[in-house]
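Remarks on the structure that follows.
The values are calculated or read from the model by the stated rules, or taken from the named source; none is laboratory data. Note that the coordinates shown come from a computational prediction; the quantities given were computed from them, not determined experimentally. As a convention, Cβ positions derive from the backbone with ideal geometry for all residues, glycine included, and neighbour counts pool all protein chains shown.
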């Protein structure tokens, strides 16, 4: 598989408005297209990503490759971390 950030496919979700997000856990979701971290309510989730949607992300350059288990994502910003004061 080409380079990128490997993400287990089960954590790539599509919202009812069509936004594709990664569920990083602890209520943290990231928009795959913009890289922004967004708030998502469980009622806003439509489904796990389909092959057709992943193929589109490959065409626009956000995904390098995918299979039944892993999605290789390009250029994701770092997850925000709290610093110790």
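Only residues that are surrounded by 12 or more Cβ atoms within 10 Å (Cβ to Cβ) and closer than 17 Å to residue 68 by Cα were counted in segment 24-48, giving 1. With respect to the conditions (1) free of Cβ contacts under 8 Å to residues at least 24 places away in the same chain; (2) loosely packed, with under 11 Cβ neighbours inside 10 Å; (3) within 15 Å of residue 70 (Cα to Cα), residue 3 falls short on a single one, namely (1).
Looking across segment 38-53 at every residue that is touching a strand residue (DSSP E or B) at 6+ places or on another chain (Cβ under 6 Å) and either touching a residue at least 40 places away in the same chain (Cβ under 8 Å) or in a loop (DSSP other than H, G, I, E, B) (or both), the one that is farthest from residue 4 (Cα to Cα) is identified as 40. Put simply, of 18, 64, 35 the only residue that is modelled with pLDDT under 95 and not in a strand (DSSP E or B) is 35.
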